[in-house]
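Take a look at the structure below.
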Amino acid sequence: MTRRVYIPVWGRLRIVYLGRVADDALSLKEAAERVGITAATLKRWSDSGVIPKVGRTGWTPAAVSHARIAARLRERGHSLKQIRIAAAQGRLAYGYIEDLFPVDAERTPLKKVAEEIGLEAMLVERIWLSIGLPAEELERMTKEDVQALRYLSVVLESGFPLVAFLQLTRVYGQALAQIADAEVRLFHLYVHEPLMRQGIPGLQIAEEMEHLARDLLPLASPIMDYVHQRFLQHFVEQDMVGHMESDLDEVGSEAELGRIRVAIAFADLAGYTRFTEEEGEAEALSFVERFVEAVTETLPDDARIIKTIGDEVMIVGSDPAALTDWAVGFQRLWTERPTARIGIHTGVALYRDGDYYGRDVNLASRVVARSRGREVLVTDAVSDAIGRSGHLTFEEIGEVKMKGFDTPTALRRALQRD
């Protein structure tokens, strides 16, 4: 069988021939056993078009996966007609994914796993849930699950603090869940959907997607490992420099565990809601993507985006001067409409699970709400930390009452000195 991969190229699908693959087709009886239904039922589904009809070569992995998905849909109450239409349209083609991952028939309950790896069952459960894995899987863990938990137990045995360890596993879980979600959705949008729009038969779509995914999947781990190592090196250096440049007396007075002195900026788009109404959601989203990309590409080395919420971007850095300098420069570079507005504050934040919390973070988010398009507003804490600057100047705005704060905050407009 010739392997062909349909790849979208500048709006069209290019067919790439990748040679031949071994014929690993199954008989009707073998396929039925894997699906968990009778051979007669499987044949009837195939003959009636509930699942794509299998050729003379027998049941391929993609065909078996199709049948397995159909069986699940029947269990959930979907009619044969609904499944037939979905199969014909290629909407069940994602069934191939099951055959790309190892299927471990041996399952181990929580108590036995805890005994094997030398941790208390409650702690294993806590670690498992902190990653974000489903609670119902605790009583039927696979060999891969047990091995991963062994690795995690070694980290704890080395003396790594439990409170930090649980935060780290939560960050791993959240970040990797987002990556996996993006992989599936982007594969669907840019590979699966174009194939369906071409009217290619469902089983052929499944087979082509299986071959492409089988080639790409082994690359995911080394790519992620490379990116992780590069960022780890970067942030180790930044953390070391930050400690060297900190005022030791000041840090000593704020030495509550988990609290870090940072510069915090929020940036968003003025009039974004109206822009969405006028231009539509798709155009507005594309604009936000360009905005976030522009912010990312221009930030100083010590700063990074922590999160985005709609059109708003939260940025954290260690140097108020560098962050303010960036903000003023960004406003000169960003000439599109809606225009950008930026608010900056510096203070002590509580670090948890890769995010920053606390009064000073909340205050920074209120500052941006007070700014107008093309403005950079900073608190007096920022301007005082910067002091006299050769290329920045600050205009007094006065004390402003912020929502949720009892004491007014002195704000200043940051500008480039003429």
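The values are calculated or read from the model by the stated rules, or taken from the named source; none is laboratory data. Please read these numbers as outputs of a predicted model, since none were measured by experiment. Here the Cβ positions follow ideal geometry from the backbone for every residue, glycine too, while neighbour counts run over all protein chains shown.
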Restricting attention to region 308-318, does a residue exist that is in contact (Cβ under 8 Å) with a residue 60 or more places away in the chain and either under 17 Å from residue 383 (Cβ atoms) or not in a helix (DSSP H, G or I) (or both)? yes
So which residues in region 377-418 are more than 14 Å from residue 321 (Cβ to Cβ), without any contact (Cβ under 8 Å) to a residue 40 or more places away in the chain and touching a Gly at 6+ places or on another chain (Cβ under 8 Å)? 377, 410
Of all residues in region 109-141, how many are at positive phi and at pLDDT below 90? 1
For residue 288, state whether it is more than 19 Å from residue 395 (Cβ to Cβ), surrounded by 17 or more Cβ atoms within 10 Å (Cβ to Cβ) and modelled with pLDDT under 95. yes
Only residues that are at pLDDT 80 or above, closer than 30 Å to residue 175 by Cβ and over 23 Å from the mean Cα position of the chain (by Cα): list them for region 194-243, please. 194, 195
Which residues, counting only those in region 336-393, are assigned to a loop (DSSP other than H, G, I, E, B) and within 22 Å of residue 295 (Cα to Cα)? 336, 337, 338, 339, 354, 371, 372, 373, 374, 375, 391
Looking for whichever is touching a residue at least 40 places away in the same chain (Cβ under 8 Å) and loosely packed, with under 15 Cβ neighbours inside 10 Å here; the options are 159, 132, 199, 173. Which one fits? 132
State yes or no: is residue 144 farther than 25 Å from residue 163 by Cβ and at pLDDT 85 or above? yes
